[in-house]
1. Cβ contacts < 7 Å: first residue under 19 Å from LEU80 (Cα atoms) and touching a residue at least 12 places away in the same chain (Cβ under 8 Å), restricted to segment 42-70; second residue assigned to a helix (DSSP H, G or I) and of a type in the set (D, E, K, R), any location; separation 6+ or different chain. Result?
2. Looking for something surrounded by 11 or more Cβ atoms within 10 Å (Cβ to Cβ), assigned to a helix (DSSP H, G or I) and at pLDDT below 95 - is there at least one such residue anywhere in segment 233-243?
3. Across segment 33-54, what is the total count of residues that are over 23 Å from ALA79 (Cα atoms) and in contact with a helix residue (DSSP H, G or I) (Cβ under 6 Å, 6 or more places away or on another chain)?
4. With the structure loaded, tell me whether GLY127 is part of a helix (DSSP H, G or I), within 30 Å of ALA213 (Cα to Cα), of a type in the set (Gly, Ala, Ser) and open to solvent by 10 Å² or more (accessible area, probe 1.4 Å) or whether it fails that test.
5. Within segment 132-145, take every residue that is crowded, with 17+ Cβ neighbours inside 10 Å and in a helix (DSSP H, G or I) and give me the one that is nearest to the chain's Cα centre (by Cα).
6. Could you tell me how many of the residues in segment 144-171 are in contact with a helix residue (DSSP H, G or I) (Cβ under 6 Å, 6 or more places away or on another chain) and of a type in the set (A, V, I, L, M, F, W, C)?
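The values are calculated or read from the model by the stated rules, or taken from the named source; none is laboratory data. Quantities reported herein were computed from a predicted structural model and do not represent experimental measurements. Cβ placement follows ideal geometry from the backbone for every residue including glycine, while neighbour counts extend to all protein chains displayed. With ligands, DNA and RNA removed, areas are computed over all heavy atoms of the protein, side chains included. Shrake-Rupley method; radii C 1.70, N 1.55, O 1.52, S 1.80 Å.
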Amino acid sequence: MLTVDFSRFPLAPGDRVLDLGCGAGRHAFECYRRGAQVVALDRNAEEIREVAQWFAAMKEAGEAPAGATATAMEGDALALPFPDESFDVVIISEVMEHIPDDKGVLAEMVRVLRPGGRIAVTVPRYGPEKVCWTLSDAYHEVEGGHIRIYRADQLLARMREAGLRPYGTHHAHALHSPYWWLKCAFGVDNDKALPVRAYHKLLVWDIMKKPLATRLAERTLNPVMGKSFVAYATKPHLPRAEAGAGAEAGAGAGTETATAAEVGTATP
């Protein structure tokens, strides 16, 4: 289940991609299938091990085209272990609502993104998320849980302040909002409640089969109750004079750029 819409966020074979806070790896896997040089980074060691195993299985099964590479690694979103301008594309999906210093995370993403590169940010949408917080304290008052709810204009303003230029937004996963409302109403840890189990079966069926009826229903409902808000942006090129000054100051940075390429081609 992808939150980023790759028809609005084009990815070319060979693009250097950072999936920041990759979790179970869903976006990293899709980028790998599309021929990218992918780095999937997360602070959760167990999830990183599983992502690395899936990368290896995908390679073995021939799911990725020639030239595609994939690396899974542990790391800190506030101190990314990459030189400046290491990536063509950065994806951060359903992560920023967990991190107290979201401005610091945005600054690090902008640092490692090349000028002209693209970034996709997804967070829980304000309305559906507010319902969850109202129905259940346990939904968000947990260690590592959601610490804020973004309004769309607030997130876009943060991105602009970080030096990004947003170019598109949309909402996703409308059919998932009622599921989380049910979870919050019956208890976030209570998977045995009949309404929760029944709705979960519906979602699994929808993900696996992708029937036209539910695809049309979700497309219609996304603007009203989509669970996620998705924003796309580019990192502008520096003005010509400023870029020239930066090139002189960073004349010795070639070694670091080469190191970044090696990161993208490391074996999982």
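1. Qualifying pairs under 7 Å: none.
2. Yes, the conditions are met somewhere in segment 233-243.
3. So the answer is 0.
4. On the way: part of a helix (DSSP H, G or I): yes; within 30 Å of ALA213 (Cα to Cα): yes; of a type in the set (Gly, Ala, Ser): yes; open to solvent by 10 Å² or more (accessible area, probe 1.4 Å): yes.
So GLY127 fits the description; yes.
5. At the first step, the residues of segment 132-145 found to be crowded, with 17+ Cβ neighbours inside 10 Å are 132, 135-136, 139-140.
Add one more test, that the residue is in a helix (DSSP H, G or I), and what stays is 132, 135.
Numbers: CYS132: 21, LEU135: 26 Å.
In this case the residue turns out to be CYS132.
6. Residues flagged as in contact with a helix residue (DSSP H, G or I) (Cβ under 6 Å, 6 or more places away or on another chain) and of a type in the set (A, V, I, L, M, F, W, C) within segment 144-171 amount to 2.
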